[in-house]
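Notes follow once the structure below has been shown.
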Amino acid sequence: MTALAACPGCAAAPAARALAGGGEAACDEARKILLSLPNVTCAGCIAGAEAALSAVPGVADARVNLSLKRATIRAAADVTPEALIDALGAAGHKAMRLDEASLAEGADDPEGRALLIALGVSGFAMMNVMLLSVSVWSGAEAATRDFLHWVSAAIALPVVAFAARPFFRNALAALSAGRLNMDVPISLAIVLAALMSLYETWMSGRHAYFDAALSLTFFLLLGRYLDHRTRASARSAARELTALEAPTAMRLGTGGAAEEVAVAALAVGDLIRLAPGMRAPVDGVVETGVTDFDRSPLTGESAPVAARPGDPISAGEMNLTGAVELRVTAVGEDSSLRRMADLVAAAERGRGRYASLADRAARLYAPGVHLLALVAFIGWMAAAGDARFAMNVAVAVLIITCPCALGLAAPAVATSAAGRLFRRGVLLKSGTALERLAEVDLVVFDKTGTVTTGAPLLMGGAGRDELALAAGLAAGSAHPYARALARAAETAGVAPAAVAELREVPGAGVEGRFKGRAVRLGRAEWLGAEDGEGGATWLDDGRAAPRRFAFEDEYREGAAALVAALKADGIETRLLSGDGDAAVARAVAALGFDEGVARADPEAKLKLVEALAAEGRRVLMIGDGLNDTGALAAAHVSVAPGSALDAARVASDIVVLNGDLSTLAGAFATARSARRRILENFGIAGAYNLVAVPIALAGFATPLIAALAMSASSITVSLNAVRLR
Amino acid sequence: MQILVFLIPVSLILGAIGVAAFLWAVKNKQFDDLEGDGARVLIDREPD
């Protein structure tokens, strides 16, 4: 019976066992629930959240992880995530459900743990061998020196064989593919230093480089671990975003009973119910019910569209006003969602692999180092004819030129910058996103949902009485225009009129009775009016001809500030929208874009970004909708607001979690200073080499000089990285 | 220099203890939530 191993939580879950009737059956029924707790920041929050969770009946164990802002709950099978979210909400904590399945892969990080262990082992070994080396440097002679060298060898050789494996593996992989990477000179230096030192010890030589072999391993593993941490946190951030949208649908059975099923389980011909506020999970046709759909994520149109039985609905559209039943017409491969995903995949293949600064530096550096060591060996062979001495010089050159700064400097800067941006609400999903952001010279914005909030704003000019009546009617609907009217009345200090018998007519508007007259608010066709360009709703007060209320887009906080900041930096800005000419022209004028393009469908957006890239422009694309995903994937670097659709966030490199776009201006500054810091670090490392390499070439290098040069340059570049503002 | 006969084994044993403690800590997931464990010290009574 493997129940214990399969369910470690049961060891600490007597409550779950008792609830489920005792015995091992409880193990199979106990479930693990993951919740995201974005606002947990302090010790008090941990205690409060854990107490609130533990108080829910059936919860066996609740543990909050502050670094991941995530709670792991082990509970009986009948405990629902919703009940836990409600319990947390009552205690004042915002919580969101995470999909366990999307987080399960790579939940614990064996590679990171292996690197950490290798780092620890090499660190301790380095310290011990350094201590022994200090005795040698301070003048141990003859038998004592040989003894100290042998002890060092006994520590260093097994540790190098164990801890430096990541470098050996990568170097072998590169060599067998006929390439040179950073790990080839690293592995060569470590292996040659260890073997040469062993030979010297055997021959009772004066110099052994065991400490150098170990400190090389240690410093480079440190860089490798930081690099891994940055990548892993980027990956888990991406996974967490996916996990936030647990994809389920309400399927209606033959008897009319509804059951919650995973979207993947839906088949063509199934009937699903879509309540107001829900997004269509698949393509379908409206079977019964009338409503309005928000299509902006797919097309960029900001005005909602009415849907009646027989109208086709695409996955990703949001139901606004009435409950409808959809007959599924396409799932998986054939759905419009998948066609968008194919667009993204095609664009990503075009983007290719971006070579980071460190990669590009290594491409120049690796052959140079090998050549230098070879020249030193041949030169000293020709000059002195002593193979042992020539080999010693070559090893010293390899050790001193070993790319500690390249291996440590770039990851240290990236870790420091990513942490800084995360605290400001900017999430980096890709390890090289920051470097690419620093190179951008043109920014393309999507309109609806990106520079606008997606919520409409009433244009001025309405009389107080009209507004009061309209707001009174608007109280009966959750339609965006109705909410905009209510907000406008509130800002203008107009009290909504008391309208009786309020009734929402989905897909049409709201009707009611005011001072004995039938009054209506809604679509032009419903009220028998002729509608013009732009988003509008009409009011029929039962006396005069219908009155028009026009709406414009509400711009997102910080959008104008971001455009102004980009302009000040000399970066060109463009607006690229699927919306009509008038709305785009208004946005260009209001926010100060250099140029605007209207009525662009997904393919047109992708083509435009690709054309700009072909001209050699480094394009940053900011978008939130399904219609932007192709362009997001094709751009040099891409950003999605946190409110964006899952597919758009997946296609982007950077996600701005708070609603304020102007944080992105700060991210630009951080990206540029990170790039500057990395280049500075290369310069510092180069300067150390400039001094130390001639000494090594001349044959004056000792293990002491090598250790000093290496440690000093590694520590300098790390400190320079931490200095990042 | 006879003292080395003691000192070197002593330093090696201390080093080995350090490595063992570190390995134990990594395997026990002591590094999984650095911020949280720092904050937990301030909670009066662990709800356990």
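Of note, residue A:172 satisfies the criterion of being away from chain B (no Cβ under 14 Å), of a type outside the set (Asp, Glu) and surrounded by fewer than 19 Cβ atoms within 10 Å (Cβ to Cβ).
Against the list (1) more than 19 Å from the chain's Cα centre (by Cα); (2) over 21 Å from residue A:297 (Cβ atoms), the condition residue A:423 fails is (1). So which residues in the range A:44-87 are at the interface with chain B (Cβ under 9 Å from one of its Cβ atoms) and among the hydrophobic types (A, V, I, L, M, F, W, C)? Correct list: A:45, A:46, A:47, A:51, A:62, A:64, A:66, A:68.
Matching residues to (1) of a type in the set (Ser, Thr, Tyr); (2) closer than 16 Å to residue A:444 by Cα:
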position	(1), (2)
A:632	no, yes
A:636	no, yes
A:642	no, no
A:645	no, no
A:648	no, yes
A:653	no, yes
A:662	yes, yes
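Of A:464, A:436, all but one fail to be at pLDDT below 85, more than 22 Å from residue A:295 (Cβ to Cβ) and charged (D, E, K, R); the exception is A:464.
Of all positions in the range A:592-602, at least one carries a residue that is out of contact with any strand residue (DSSP E or B) (no Cβ under 7 Å at 6 or more places or on another chain) and of a type in the set (Lys, Arg).
Looking at the range B:1-26, which of its residues are closer than 30 Å to residue A:42 by Cα and more than 8 Å from every other protein chain (Cβ to nearest Cβ)? Correct list: B:21, B:24, B:25. A single member of A:669, A:665, A:647 is free of Cβ contacts under 8 Å to residues at least 40 places away in the same chain, of a type in the set (Gly, Ala, Ser) and in a helix (DSSP H, G or I), and it is A:669.
Given the criteria small (Gly, Ala, Ser) and touching a helix residue (DSSP H, G or I) at 6+ places or on another chain (Cβ under 6 Å), does residue A:177 qualify?
Against the criterion (small (Gly, Ala, Ser) and touching a helix residue (DSSP H, G or I) at 6+ places or on another chain (Cβ under 6 Å)), residue A:177 does not qualify.
Of the listed requirements (1) within 13 Å of chain B (Cβ to nearest Cβ); (2) in contact with an Asp or Glu (Cβ under 9 Å, 6 or more places away or on another chain); (3) at pLDDT below 80, residue A:41 misses just one: (2).
Among the residues of the range B:33-47, which ones are at the interface with chain A (Cβ under 7 Å from one of its Cβ atoms) and either out of contact with any strand residue (DSSP E or B) (no Cβ under 8 Å at 6 or more places or on another chain) or under 16 Å from residue A:119 (Cα atoms) (or both)? Correct list: B:34, B:35, B:39, B:40, B:42, B:43, B:47.
Among residues of the range A:137-148 being away from chain B (no Cβ under 12 Å) and not polar (S, T, N, Q), the one that is surrounded by the fewest Cβ atoms within 10 Å (Cβ to Cβ) is A:137. Sub-6 Å Cβ pairs linking a first residue in the range A:290-303 that is without any contact (Cβ under 8 Å) to a residue 60 or more places away in the chain to a second residue that is assigned to a strand (DSSP E or B) and surrounded by fewer than 23 Cβ atoms within 10 Å (Cβ to Cβ), at least 6 apart or interchain, are A:293/A:305; A:295/A:305, ordered by first then second residue. The lone criterion from (1) of a type in the set (S, T, N, Q); (2) more than 14 Å from every other protein chain (Cβ to nearest Cβ); (3) surrounded by 21 or more Cβ atoms within 10 Å (Cβ to Cβ) left unmet by residue A:181 is number (3).
Within 14 Å of chain B (Cβ to nearest Cβ), buried (at least 19 other Cβ atoms within 10 Å of the Cβ) and within 26 Å of residue A:721 (Cβ to Cβ): does that describe residue A:212? No, not satisfied. Residue A:384 meets each of the listed conditions (1) at pLDDT 80 or above; (2) under 30 Å from residue A:217 (Cα atoms) apart from (2). The set of residues in the range B:16-48 that are outside any helix (DSSP H, G or I), at pLDDT 75 or above, surrounded by 12 or more Cβ atoms within 10 Å (Cβ to Cβ) and touching a helix residue (DSSP H, G or I) at 6+ places or on another chain (Cβ under 6 Å) contains only B:43.
If you go through the range A:223-239 one residue at a time, do you hit one that is more than 27 Å from residue B:33 (Cβ to Cβ), modelled with pLDDT under 90 and of a type in the set (D, E, K, R)? No: the range A:223-239 contains no residue that is more than 27 Å from residue B:33 (Cβ to Cβ), modelled with pLDDT under 90 and of a type in the set (D, E, K, R). For the range A:271-330, name all the residues that are under 26 Å from residue A:254 (Cα atoms) and β-branched (Val, Ile, Thr). Across the range A:271-330, the qualifying residues are A:272, A:282, A:285, A:286, A:288, A:290, A:291, A:313, A:321, A:324, A:328, A:329. Looking across the range A:158-169, the residues that are buried (at least 17 other Cβ atoms within 10 Å of the Cβ), part of a helix (DSSP H, G or I) and more than 10 Å from chain B (Cβ to nearest Cβ) come down to A:160, A:163, A:166, A:167.
Taking the criterion of being touching a strand residue (DSSP E or B) at 6+ places or on another chain (Cβ under 6 Å) and in a loop (DSSP other than H, G, I, E, B), the residues of the range A:303-315 that qualify are A:304, A:309, A:311, A:314, A:315. Restricting attention to the range A:585-630, the residues that are closer than 16 Å to residue A:441 by Cα and either touching a Phe, Trp or Tyr at 6+ places or on another chain (Cβ under 8 Å) or not β-branched (Val, Ile, Thr) (or both) total 16. Residues that are without any contact (Cβ under 8 Å) to a residue 40 or more places away in the chain and either more than 7 Å from chain B (Cβ to nearest Cβ) or closer than 19 Å to residue A:212 by Cβ (or both) within the range A:115-131 comprise A:124, A:127, A:128, A:131, listed in sequence order. Between A:574, A:503, A:543, the distinction of being surrounded by fewer than 17 Cβ atoms within 10 Å (Cβ to Cβ), part of a strand (DSSP E or B) and touching a strand residue (DSSP E or B) at 6+ places or on another chain (Cβ under 9 Å) belongs to A:503 only.
The values are calculated or read from the model by the stated rules, or taken from the named source; none is laboratory data. Just so we're clear, the structure is a prediction, and the values are computed from it rather than from any experiment. Positions of Cβ are backbone-derived with ideal geometry, glycine not excepted, and every protein chain shown enters the neighbour counts.
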